[in-house]
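J.: Handing you a structure now.
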Amino acid sequence: HRTRHRLEIELPVVVVVGSKLGCVNHALLTLTVLAGAGAQTLGYVLNTIAADAADTPSAESNRELIAAFSGAVCLGIFPHVPADSRDDDEYLARLAETSLDLDSLAT
């Protein structure tokens with residue numbers, strides 16, 4: 001028997017998708033579950049997790065496929081962040097400003 005869950009906290013959601021093999025399926029399942037739970041989903045961000053993945057055809061096709069099959073808005077593609085910069089809040093903020101559609105997040 002399936003239990004349908006409802007959200008207790010009604011905050012808008014941004015789905016972050018690691019751009020790699022299987023991410024389209026993972027994103028679509030996540031977006032479907034969120035919709036079923038009544039969540040307001042603002043969109044999704046593709047997170048480039050491998051340094052050499054940003055320039056591959058799959059990065060763009062992942063974005064296009066998720067948008068086409070889900071109808072969700074892509075808020076941007078976050079670039080790969082080197083391990084030594086992952087704790088640098090200013091650097092991460094600059095990347096967000098230049099890589100993401102932050103206006104869509106201001107709801």
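J.: Please enumerate the residues belonging to segment 86-98 that are of a type in the set (Ser, Thr, Tyr) and under 20 Å from Ala59 (Cβ atoms).
T.: Across segment 86-98, the qualifying residue is only Thr98.
J.: Give me the pairs, please: first residue somewhere in segment 93-107 and modelled with pLDDT of 90 or more, second residue anywhere and open to solvent by 60 Å² or more (accessible area, probe 1.4 Å) and part of a loop (DSSP other than H, G, I, E, B), beta-carbon distance under 9 Å, and either six or more positions apart or on two chains.
T.: Within 9 Å, the pairs are Asp101/Val73.
J.: Still on this structure: Criterion first (surrounded by 14 or more Cβ atoms within 10 Å (Cβ to Cβ) and in a helix (DSSP H, G or I)) does Leu42 satisfy it?
T.: No, not satisfied.
J.: Look through Ala67, Ala72 and report the one residue that is closer than 16 Å to Leu46 by Cα, in a helix (DSSP H, G or I) and among the small types (Gly, Ala, Ser).
T.: So the residue among Ala67, Ala72 that is closer than 16 Å to Leu46 by Cα, in a helix (DSSP H, G or I) and among the small types (Gly, Ala, Ser) is Ala67.
Residue-wise test of (1) modelled with pLDDT of 95 or more; (2) β-branched (Val, Ile, Thr).
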{"site": "Arg6", "(1), (2)": "no, no"}
{"site": "Ile9", "(1), (2)": "no, yes"}
{"site": "Gly18", "(1), (2)": "no, no"}
{"site": "Gly22", "(1), (2)": "no, no"}
{"site": "Gly36", "(1), (2)": "no, no"}
{"site": "Thr48", "(1), (2)": "no, yes"}
{"site": "Pro57", "(1), (2)": "no, no"}
{"site": "Val81", "(1), (2)": "no, yes"}
{"site": "Asp89", "(1), (2)": "yes, no"}
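J.: Which pairs have Cβ atoms under 8 Å, sit 6 or more apart or on different chains, and link a residue in segment 55-74 that is farther than 13 Å from Thr32 by Cα to one that is aromatic (Phe, Trp, Tyr)?
T.: So the pair list comes out as Val73/Tyr44; Cys74/Tyr44.
The values are calculated or read from the model by the stated rules, or taken from the named source; none is laboratory data. Every value quoted in this text rests on a predicted model; they were computed, and no experiment measured them. Neighbour counts are summed over all protein chains in view; Cβ atoms, including those assigned to glycine, are modelled from backbone coordinates with ideal geometry. All accessible areas refer to the heavy atoms of the entire protein, side chains included, with ligands and DNA or RNA removed. Shrake-Rupley method; radii C 1.70, N 1.55, O 1.52, S 1.80 Å.
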